[in-house]
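Visitor: Quick one: structure below, then a few questions.
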Amino acid sequence: STMPAYKLTYFNGRLRAEVARQLLYLAGVPFEDVRVRRPDWPALKSKMPFGEMPVLEVDGKPLPQSFAINRYLAKEFGFTGKSPFEAAWVDAIADQFKDYNIETRRLFLVLLGMIQGDKEQLLKDVGIPARDKFFGILEKIAKENGSNGHFVGQSLTWADLLIADHVKTVNILLPGFLDGFPTVLDTVKKIESTPKLKEWIEKSPYSKF
Amino acid sequence: MPTYKLSYFEGQGLGEVSRQLLHLSETPFEDDRISQEDWPKRKDSMPFAKLPVLFVDGKPLPQSLAIARYLANQFGFAGKTPFESAWVDALGDQFKDYFSEMVPYFMALGGDNEEEKSRLQLEVAEPAINKFFSILEKRAKDNGSNGHFVGDSLTWIDIHISDHMGVGEKYFPNAYAAFPTVLALREGTVSLPKLKEWIEKRPVTPY
């Protein structure tokens, strides 16, 4: 059967679309990588199924919500683990990451200069506790999984890509912030050295987030 | 058949969809309901120190949506194609976004400051409900007003949304009056014989 046509639409940043881009690239599948400029967004908003991005179009049919997109592509291309239970653990880690994102949202918006706020106070009250909780879990998971360069199972999953991309952002915005989680950092290094992924990362435009 | 245990608080909340999936599929399971008093003692045995957790032959799986999706895939409630499953997931994630917006309101409902409850209903709950349920209403209509949000058979998102609406109405009567297609979808879902049976016999809880 012929390959569907894929189009991914998002802002010009990594944040919620990078994992999908990486999955398509890792699978060797051509796709239209649409990056919307901020001034052009308001006119497009009402055209998106949930008024947000990213949106994946598969033969022109839209699919919203970054994790639904990631999981759909990961399933198509073999990045959801080797069993239904492994796939469910990939989902669970991703959702825990989402919870941590919700908790740390204000901190990261301040660090990116998008809103005003007291960086030190947010770090102390929100950032550090959320980091310790989430990355403490990831450190334990990575060790229990055999420190094998993956958070779940023995092969690359979209949870690996999700965490690695976020760690890249943290290393840019808060150098040293994750030094207390050496197995996580080592896992991310191993993930990023996957040949095709390394290739993608090297040729992608630099983005703080 | 593996052994299943679902650990959650004494309430519907984020665990009920999974209880209903297990019941609908006639799969025996241990319905482990943890009281607020017992929770501190049980917390450390949960992978992410939160509930719900599903135990499959004793192996834990945390996070409510991961659990619901896993069970739905096992029992045939995740849509008929990968793209349909992805749309069920997208609605589940949009529900999660809506739910996190509603948290300040839910917290107030747990207290007894009536003024705060009214204020948050107006400033937080109404806009969040309007935004999310408008999406659901359009989705239900675009899907053919056939009693399902995705495809033409019951999926876990039909079950999850229907259950949430029952809880919401206890505190905010007529919260969903502006969304008739969604209301009809809910009626159809909760009147399915096996769900009706479960709803009639389950413990009555505040949420």
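Visitor: Of all residues in segment A:24-43 being in contact (Cβ under 8 Å) with a residue 12 or more places away in the chain, among the hydrophobic types (A, V, I, L, M, F, W, C) and part of a helix (DSSP H, G or I), which is surrounded by the fewest Cβ atoms within 10 Å (Cβ to Cβ)?
Guide: Out of the qualifying residues, it is A:Trp41.
Visitor: List every residue pair whose Cβ atoms lie under 9 Å apart, where the two residues are 6 or more positions apart in sequence or sit on different chains, the first residue falls within segment B:124-145 and is at positive phi, and the second residue, located anywhere, is open to solvent by 70 Å² or more (accessible area, probe 1.4 Å) and outside any helix (DSSP H, G or I).
Guide: Filtered contacts from segment B:124-145: B:Gly144/B:Asp152.
Visitor: Looking at B:Lys43, is it without any contact (Cβ under 8 Å) to a residue 24 or more places away in the chain, within 12 Å of chain A (Cβ to nearest Cβ) and basic (Lys, Arg)?
Guide: Values: without any contact (Cβ under 8 Å) to a residue 24 or more places away in the chain: yes; within 12 Å of chain A (Cβ to nearest Cβ): no; basic (Lys, Arg): yes.
Judged against the criteria, B:Lys43 is not a match.
Okay, residues lined up against (1) among the polar types (S, T, N, Q); (2) over 23 Å from A:Gln65 (Cα atoms); (3) surrounded by 17 or more Cβ atoms within 10 Å (Cβ to Cβ):
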site: B:Gln94; (1), (2), (3): yes, no, yes
site: B:Asp112; (1), (2), (3): no, yes, no
site: B:Glu123; (1), (2), (3): no, yes, no
site: B:Ala140; (1), (2), (3): no, no, yes
site: B:Asn146; (1), (2), (3): yes, yes, no
site: B:Pro173; (1), (2), (3): no, yes, no
site: B:Tyr176; (1), (2), (3): no, yes, yes
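Visitor: Return yes or no: is B:Ser35 under 14 Å from B:Leu61 (Cβ atoms) and either in contact with a His (Cβ under 8 Å, 6 or more places away or on another chain) or not basic (Lys, Arg) (or both)?
Guide: Details: under 14 Å from B:Leu61 (Cβ atoms): no; either in contact with a His (Cβ under 8 Å, 6 or more places away or on another chain) or not basic (Lys, Arg) (or both): yes.
Here the answer is no, as B:Ser35 does not meet what is asked.
Visitor: If you scan segment B:148-171, which residues turn out to be surrounded by fewer than 18 Cβ atoms within 10 Å (Cβ to Cβ) and touching a Leu at 6+ places or on another chain (Cβ under 7 Å)?
Guide: Across segment B:148-171, the qualifying residue is only B:Tyr171.
Visitor: Residues B:Leu21, B:Leu71, B:Leu54, B:Leu65: which one is over 21 Å from B:Arg202 (Cα atoms) and buried (at least 24 other Cβ atoms within 10 Å of the Cβ)?
Guide: On the way: B:Leu21 fails: over 21 Å from B:Arg202 (Cα atoms); B:Leu71 fails: over 21 Å from B:Arg202 (Cα atoms); B:Leu54 fails: over 21 Å from B:Arg202 (Cα atoms).
Going through B:Leu21, B:Leu71, B:Leu54, B:Leu65 in turn, just one is over 21 Å from B:Arg202 (Cα atoms) and buried (at least 24 other Cβ atoms within 10 Å of the Cβ): B:Leu65.
Visitor: Would you check if B:Leu6 is more than 11 Å from chain A (Cβ to nearest Cβ), farther than 25 Å from A:Val152 by Cα, crowded, with 16+ Cβ neighbours inside 10 Å and of a type outside the set (S, T, N, Q)?
Guide: Working: more than 11 Å from chain A (Cβ to nearest Cβ): yes; farther than 25 Å from A:Val152 by Cα: no; crowded, with 16+ Cβ neighbours inside 10 Å: yes; of a type outside the set (S, T, N, Q): yes.
Criteria not met by B:Leu6.
Visitor: Return yes when B:Phe77 is more than 10 Å from chain A (Cβ to nearest Cβ), under 17 Å from the mean Cα position of the chain (by Cα) and open to solvent by 10 Å² or more (accessible area, probe 1.4 Å) and no when it is not. Full working, then the answer.
Guide: Numbers: more than 10 Å from chain A (Cβ to nearest Cβ): yes; under 17 Å from the mean Cα position of the chain (by Cα): yes; open to solvent by 10 Å² or more (accessible area, probe 1.4 Å): yes.
Here the answer is yes, as B:Phe77 does meet what is asked.
Visitor: Still on this structure, I have one more. Mind telling me which of the residues A:Arg14, A:Arg21 ends up being over 25 Å from B:Asp142 (Cβ atoms), modelled with pLDDT of 95 or more, touching a Lys or Arg at 6+ places or on another chain (Cβ under 8 Å) and open to solvent by less than 20 Å² (accessible area, probe 1.4 Å)?
Guide: Values: A:Arg21 fails: touching a Lys or Arg at 6+ places or on another chain (Cβ under 8 Å).
Selected residue: A:Arg14, the only one of A:Arg14, A:Arg21 that is over 25 Å from B:Asp142 (Cβ atoms), modelled with pLDDT of 95 or more, touching a Lys or Arg at 6+ places or on another chain (Cβ under 8 Å) and open to solvent by less than 20 Å² (accessible area, probe 1.4 Å).
Visitor: Could you list, in sequence order, all residues of segment A:135-163 that are crowded, with 23+ Cβ neighbours inside 10 Å and either free of Cβ contacts under 8 Å to residues at least 40 places away in the same chain or closer than 17 Å to A:Asp179 by Cβ (or both)?
Guide: A:Leu138, A:Ala142, A:Asp160, A:Ile163, listed by residue number.
Visitor: Among the residues of segment B:156-183, write down those that are touching a residue at least 40 places away in the same chain (Cβ under 8 Å) and aliphatic (A, V, I, L, M).
Guide: Once the filter is applied, which keeps residues that are touching a residue at least 40 places away in the same chain (Cβ under 8 Å) and aliphatic (A, V, I, L, M), segment B:156-183 yields B:Ile157, B:Ile159, B:Ile161, B:Val167, B:Ala175, B:Ala178, B:Val182.
Visitor: Count, please, the residues in segment A:52-90 that happen to be aliphatic (A, V, I, L, M), in a helix (DSSP H, G or I), over 14 Å from the mean Cα position of the chain (by Cα) and facing chain B (nearest Cβ under 7 Å).
Guide: Initial filter on segment A:52-90 (aliphatic (A, V, I, L, M)): A:53, A:55-56, A:58, A:63, A:68-69, A:73-74, A:87-88, A:90.
Checking the rest, the ones that are also in a helix (DSSP H, G or I) come to A:68-69, A:73-74, A:87-88, A:90.
Among the residues that remain, those that are also over 14 Å from the mean Cα position of the chain (by Cα) are: A:87-88.
From what's left, facing chain B (nearest Cβ under 7 Å): A:88.
Of the residues in that region, 1 qualify.
Visitor: Here is a follow-up. Please work out if B:Phe106 is of a type outside the set (A, V, I, L, M), under 30 Å from A:Ala87 (Cα atoms) and either open to solvent by less than 30 Å² (accessible area, probe 1.4 Å) or touching a helix residue (DSSP H, G or I) at 6+ places or on another chain (Cβ under 9 Å) (or both).
Guide: Numbers: of a type outside the set (A, V, I, L, M): yes; under 30 Å from A:Ala87 (Cα atoms): no; either open to solvent by less than 30 Å² (accessible area, probe 1.4 Å) or touching a helix residue (DSSP H, G or I) at 6+ places or on another chain (Cβ under 9 Å) (or both): yes.
Answer is no for this residue.
Visitor: Of the residues A:Ile102, A:Ile128, A:Ile93, which single one is assigned to a helix (DSSP H, G or I), within 13 Å of another protein chain (Cβ to nearest Cβ), within 22 Å of B:Lys43 (Cβ to Cβ) and open to solvent by 10 Å² or more (accessible area, probe 1.4 Å)? It would help to see each step written out before you state the result.
Guide: Values: A:Ile128 fails: within 13 Å of another protein chain (Cβ to nearest Cβ); A:Ile93 fails: open to solvent by 10 Å² or more (accessible area, probe 1.4 Å).
Exactly one of A:Ile102, A:Ile128, A:Ile93 is assigned to a helix (DSSP H, G or I), within 13 Å of another protein chain (Cβ to nearest Cβ), within 22 Å of B:Lys43 (Cβ to Cβ) and open to solvent by 10 Å² or more (accessible area, probe 1.4 Å), namely A:Ile102.
Visitor: Being among the basic types (Lys, Arg), surrounded by fewer than 18 Cβ atoms within 10 Å (Cβ to Cβ) and within 20 Å of A:Ala164 (Cβ to Cβ) is true for just one of A:Lys61, A:Lys75. Which residue is that?
Guide: Details: A:Lys61 fails: within 20 Å of A:Ala164 (Cβ to Cβ).
When all the criteria are applied, what remains is A:Lys75.
The values are calculated or read from the model by the stated rules, or taken from the named source; none is laboratory data. Remember, it's a predicted structure, so these values are computed and weren't measured experimentally. Note: ideal-geometry Cβ built from the backbone for every residue, glycine included; neighbour counts use all protein chains shown. Ligands, DNA and RNA are stripped out before the accessible areas are found, and what is left, the full protein with its side chains, is counted by its heavy atoms. Shrake-Rupley method; radii C 1.70, N 1.55, O 1.52, S 1.80 Å.
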